[in-house]
1. Simple spin-label model, 7 Å along Cα-to-Cβ: residue 85 to residue 733 in nm?
2. Amide H of residue 112: which non-local residues (sequence gap of 5 or more, or other chain) have their own amide H closer than 5 Å, using H built in the peptide plane?
3. Antiparallel as a % of all DSSP beta bridges within the range 144-283, to the nearest 5?
4. Could I have the simple spin-label model distance between residue 473 and residue 40, label points 7 Å from Cα toward Cβ, reported in nm to one decimal?
5. So, R0 is 41 Å and r is the distance between the beta-carbons of residue 288 and residue 690; what FRET efficiency does that work out to, to 0.05?
6. Leaving out ligands, DNA and RNA but keeping every protein chain, what accessible area does residue 227 have, in Å² rounded to the nearest 10, with a 1.4 Å probe?
7. Take the alpha-carbon centre of the range 702-771, take the same for the range 380-410, and report the distance between them in whole Å.
8. Please report the net charge: other residues with Cβ closer than 13 Å to the Cβ of residue 150, K and R +1, D and E -1.
Amino acid sequence: MNDQVMSPEQRAANLKGMGCARKRVEDVRFTQGKGRYVDDIKLDGMLFGDFVRSPYAHARVVSVDTSEAMKVPGVVAVLTAQDLAPLGLHWMPTLAGDRQMVLADGKVLFQGQEVAFVVASDRYAAADAVEKVVVEYEELPVVVDPFKALEPDAPVLREDLEGKMTGAHGPRRHHNHIFTWEQGDKDATEAVLAGADVVAEEMVYYHRTHPSPLETCGCVAAMDKVTGKLTLYGTFQAPHAIRTVVSLISGLAEHNIRVISPDIGGGFGNKVGAYSGYVCSVVASIVTGKPVKWVEDRMENLMSTAFARDYWMHGKIAATKEGKITGLWCHTTADHGGFDACADPTKFPAGFMNICTGSYDIPTAYLAVDGVYTNKAPGGVAYRCSFRVTEAAYFIERMIEVLAIKLGMDAAELRRINFIRKDQFPYQSALGWEYDSGDYHTAWEKALNAVGYDALRKEQAQRLEDFKAGKTRKLIGIGLTHFTEIVGAGPVKNCDILGLGMFDSCEIRIHPTGSAIARLGTISQGQGHATTFAQILASEIGIPADNITVEEGDTDTAPYGLGTYGSRSTPVAGAATAMAGRKIRAKAQMIAAWLLEVHDDDVEFDVDRFVVKGAPERFKTMKEIAFAAYNQAIPGLEPGLEAVSYYDPPNMTYPFGAYICVMEIDVDTGVHEVRQFYALDDCGTRINPMVIEGQIHGGATEGYAIAMGQEIAYDDMGNHKSATLMDFFIPTSWETPTYQTDFTVTPSPHHPIGAKGVGESPNVGSVPCFSNAVHDAFRPFGLTQSHMPHDQWRIWKIANDLGLHG
Ligand code: PCD
């Protein structure tokens, strides 16, 4: 069929644009083992770096003797803080306005901290030499509990800050205190609490965990001494920001630095920050004039590069007897480890934790967060979470359950009567955000109906009878969650990282034959941007997605952008893509009008062409227009068809979802079984339903891991107890539940295509959902709060503490 006779629907389908479940184009190489990851990069004469790490969580470094290590065949250099000091590189700035040791300078503050960097001709020689570096330590008292860290006589962790009572985020009131961040109205909230019919209070702990991507962090630094150009390949979620930071801290001119993020095997927030390995590799390459590769192993990844969560959230929630919430109060103690290296926009030391009023119309609220130093690894990354949104969602979704218990109400009903109503959007929250759009009641009813909520409650009640009658040892828990996220950082006016405004970008070049390349400031780590961003463009400019290459991650070619994390690519770079597409379309319209010999206003866009209004048989396809752009002398128009857009979003987007989990719990063994998991997501306009479904499956599986077993644990001496995958729970297909996905569509009013982010939603929403299911099973026996992860032992312990073991 030629395109004269195809219907607009058929032509639209050919584009594989927005809404199409287009197969992921990147999977052609991934499924054939043809991806190119950092460790696949092999350069001539490449050397390998490896770290000597501290066995102690807190110790003075008395001496470092590298002489024996230097004798190991193949060893080229061993760097210590002393070598980096003359360059001013023994410490580096963190994303949170603190500074962090690149290599131990006088003391170590967490187990696994980098002490020396060995550079050798191969990785084995480097590892052998690591064993030969002799470090003399003098142990110091260890603090792993953030509450103990704030006691008056707690050991001083950061001696470099001694006497400095002001930090990056205001006053410090103790030597291990980092900041206090306050939002909302304290007095008003306390007045509401004092006069409320009902107040529920709880300490909700979201334990320390780790993103643990399949591929660990790594880089290859290659300094070309002839051209003076440094090429840095790495697992970077924000390649442009890394280029700027490398320039600022190394003094190399930014145009002489080229940062390349090749294929990335999962990021999940782990690859946002800057790590010692990057700095040491760059220095080693500059010093030796050879490329230097550093790739951490699994234990190093779990011990040193980043952590997530570790928030102690003390909450109070006030309501009327009928269950209308009147106030929310939260005080969080945030354990940041040895250095404050949290990855958050500069003005938000506790990220977007102030979204903790969730999906509810809460008139009065107050939030305070205290950041605290302990002898644990630094990081505080947004593990599939837009800067502490997951902590906020967990907090409010637990507090709602706790309030329901106090009120003796059904938790689904309690949510229903407190949701922000559809007609209240845009909604100004008590903690400072303007929610763009939402329709929570519709989503909630759809979810409850889909699982047959009333029947489930009846079944649960019957099971409880049977349990009490001694007929069964299994309880049923029904976990409910309605979450609201805030993603797409962000307006430049209030979101920056290290002073870099958080816009994003897209540059499009249409080739003469009607195909195109689009380059973006973001970088896919598995999300499928090459697939989905081409779909946005296909719909915007009428060129089939299959004819559009999407390229990211090379700072020499891509326009400047802030990268991919915080589910910001769709809200920000996706918007830039649509806007750049519209610029192309505007020029194409002028070309078409000239070709058709009519006025610009007399042609209109129709899927993949411009047609003369009222004369549909007269048209020029985008393919024809592209050719003309390069081959016709059009009066008043430059040749070519290119556009670039830098997009500063007017607001963030607020995706939401309704999740329900049905869990069977064996009281005697603590073994659980997820019988059903239903996930309804509303991310506004959906670009690719299949990609979205994949995102939900992946994120919910991470959420399942976090809620049911994954934990970064330390003993009292600061020894890391979960640095291998034997101890750190990663679900296999065996444990992974089956998911049922669903959706509603409430477009974002300010996004050019109405899309909101979705990548993080399933992690944010599923953790409270799984956790609420566990709690719900034991609600009839008086359980109000039990900390995650709900592994077998802890569930058994709940039952035992409640006297259910006879
Ligand atoms: N989408 C669609 N539609 C809508 C939305 C969205 O379709 N509406 C799609 C897109 O396009 C893409 C995805 O989906 O593709 C996602 O998106 P978003 O949400 O926008 O996001 P992004 O930015 O792109 O990404 C990020 C995210 C995050 S953040 C995370 S963690 C994770 C997620 O993503 N990571 C990952 N997902 C994933 N996947 C994979 N595979 N891998 C990875 O690594 Mo952070 O902050 O970093 O923590």
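1. My value for the distance between the label points is 5.5 nm.
2. When sequence neighbours closer than 5 places are left aside, the close amide H contacts are 54, 56.
3. 65 percent
4. A separation of 5.0 nm, rounded to one decimal place.
5. 0.30
6. My reading of the accessible area for residue 227 is about 90 Å².
7. 14 Å
8. Charge balance in the 13 Å sphere: -2.
The values are calculated or read from the model by the stated rules, or taken from the named source; none is laboratory data. Only a predicted model underlies this, so the values are computations on that prediction, with no experimental measurement involved. Quick reminder, even Gly has a Cβ in these numbers, built from the backbone with ideal geometry, and neighbours come from all protein chains shown. Side chains are part of the model used for accessible areas, which takes the heavy atoms of the whole protein and leaves out ligands, DNA and RNA. Shrake-Rupley method; radii C 1.70, N 1.55, O 1.52, S 1.80 Å.
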